[in-house]
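Novice: Take this structure first; my questions come after.
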Amino acid sequence: MTTAVDWQVRARGLVEKLTEAGVLDDPAWRDAVESVPRHVFVPTFYVQQPGGGWSATSAGSDGWLDAVYDDRPLVTALAKNAAGGRVSMSSSSQPALMLRMLAALDVRLGHRVLEIGTGTGYNAGLLAHRLGDGQVFSVDIGAGLVEAARVRLASLGYAPTLAAVHGAFGLPDQAPFDRIIATCSVPAVPWAWAEQLREGGLVLVDVKRSAHTGNLALLRRYPDRLEGRFLPKWATFMAIRDTDGAPPTLTGVTMQPEEGWRSSTQLDPQPWTAVVPWFLASSRLPQRLVFGYRGRSETGSEWATFRGDDGSWCMVRTQPDERGRREVCEGGPIGIWTQFERAHDQWDMFGRPGWDRLGLTVLPDGSHRVWLDEPDRACSWLITGGRNAAR
Ligand SMILES: C[S@@+](CC[C@H](N)C(=O)[O-])C[C@H]1O[C@@H](n2cnc3c(N)ncnc32)[C@H](O)[C@@H]1O
């Protein structure tokens, strides 16, 4: 049985941790974290086990309350995919990331805020506590998630507007908004969001494309565009889905090393070691790219693999040889590794800029242009071009 003292002491501990981490200076957000009980929104969480399965920890069991008031993301919903595995469908994001985002978004009293990705309802609770029910709108594609969030929020006396809809369309009936915060990543920022933002309003969203590389971008609404910078610190969210069920698995792409084109590389194939150049290569890569491993060696997996939704594939040895080079084999319509190396060379040429030097301009036709330092500089990369790119 959780008593008020139990959780309030822990919530204050979380506030201290977040303050020490430098993400919680605003007294109004401190009050929200202290007042909105995260445990109400996370009655059960799941942890992936080394063998691939998931263990569940529910209210009342050992470690549950400590974990809920720790600064960590917690997976809160699972579903079976076509391959029979259970995959994460929703989570309560890491509190430090949530507070960093709310601060970056410069949310103020009187703002109307739309959240894409209600999930557990915890972020909507923080927003409703700070701004009042009438200013907060939150949508999720999971109807069951929205209903559970509504019940939890109501049990605490909050009643923001919630809806079970595809977040890419926003919530046009309730527009305009001053702020839009997305807690799922998008391959491209839907123009519908720009249309529902007041001029000067801000949207904060994780833009992630091929190979799931990208970052949070804070974009301002101008009459003819959305424009702004990436947040300096990299973060990642689960990808937006088109249905309430598990996302489709990529099937039918077979790698045939005997028919592939061979080369070698000095670069590490794991995309998180080079997220910026992978992102800059996006427009030249298959729209969906799945990373994995293949084969076993003494030192771990033998190959890192990429499979694209257009049938392209590549395999790169995880370990370099004595000359520091890794064997590469690629096939299909797009030379995935060749395109990545080109983007990497260009990124090298510009001095390997980090997220703090990159910005993004989104136009109504759906094109996304990443620029270096200033929007009007000649140096830019088209990440997606033209019509229909925004979904
Ligand atoms: C990281 S969780 C959100 C966490 C949430 N803000 C909280 O405080 O618990 C991401 C959420 O995005 C939702 N999502 C995925 N695709 C979506 C879509 N097309 N429209 C709206 N929500 C979507 C997922 O169902 C999931 O609940």
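A short reminder: the numbers here are calculations on the coordinates, not readings from a lab. Values in this document were obtained by computation on a predicted structure and should not be read as measured data. Glycine gets a Cβ as well: all are built from the backbone with ideal geometry, and neighbour counts include every protein chain shown.
Novice: If you take every residue apart from GLU34 with its C-beta less than 13 Å away from the C-beta of GLU34, what net charge results, scoring Lys and Arg +1 and Asp and Glu -1?
Specialist: Working: positive: ARG10, ARG12, LYS17, ARG30, ARG38, ARG130; negative: GLU16, ASP26, ASP31.
Around GLU34, the surrounding residues sum to +3.
Novice: Around GLY121, with a cut-off of 14 angstrom between Cβ atoms, what is the net charge of the other residues, counting Lys and Arg +1 and Asp and Glu -1? Don't skip to the answer; put the middle values down first.
Specialist: On the way: positive: ARG38, ARG150, ARG152; negative: GLU115, ASP133, ASP140, GLU147.
After counting each charged neighbour, the total is -1.
Novice: Mind listing the phi-derived Karplus ³J(HN,Hα) values for segment 39-46, rounded to whole Hz, using 6.51, -1.76 and 1.60 with θ = phi - 60°, and x for any glycine or proline?
Specialist: My calculation for segment 39-46 gives 5, 5, 8, 10, x, 9, 10, 10 Hz in order.
Novice: Which of the peptides 74-86, 186-198 is most tightly packed, and how do the rest follow, judged by the mean count of other Cβ atoms within 10 Å per residue?
Specialist: Working: 74-86: 15.2, 186-198: 21.4.
By packing density, highest mean first, the sequence is 186-198, 74-86.
Novice: Further, regarding this structure: Under the definition of Cα pairs under 8 Å and six or more residues apart, what whole-number percent is the relative contact order of the chain? The partial results should precede the final answer.
Specialist: Working: 815 pairs, mean separation 44.7, N = 391.
Relative CO of the chain lands at 11 percent.
Novice: Still on this structure: Give the distance, in whole Å, between the Cα centre of segment 123-142 and the Cα centre of segment 319-391.
Specialist: Here the answer is 35 Å between Cα centres.
Novice: How would you order 239-252, 133-146 from highest to lowest mean count of nearby Cβ atoms within 10 Å?
Specialist: Values: 239-252: 13.9, 133-146: 20.8.
Averaged packing, sorted descending, gives the order 133-146, 239-252.
Novice: Would you mind pulling out the separation of the Cα centroids of segment 209-249 and segment 280-302, in Å?
Specialist: 21
Novice: Also, I was wondering about something else. Once you list every other residue whose beta carbon is under 13 Å from the beta carbon of SER283, what net charge do they have if Lys and Arg are +1 and Asp and Glu are -1? Before the final figure, lay out the partial values.
Specialist: Details: positive: ARG209, ARG284, ARG342, ARG369; negative: none.
Counting the neighbours of SER283, the net charge comes to +4.
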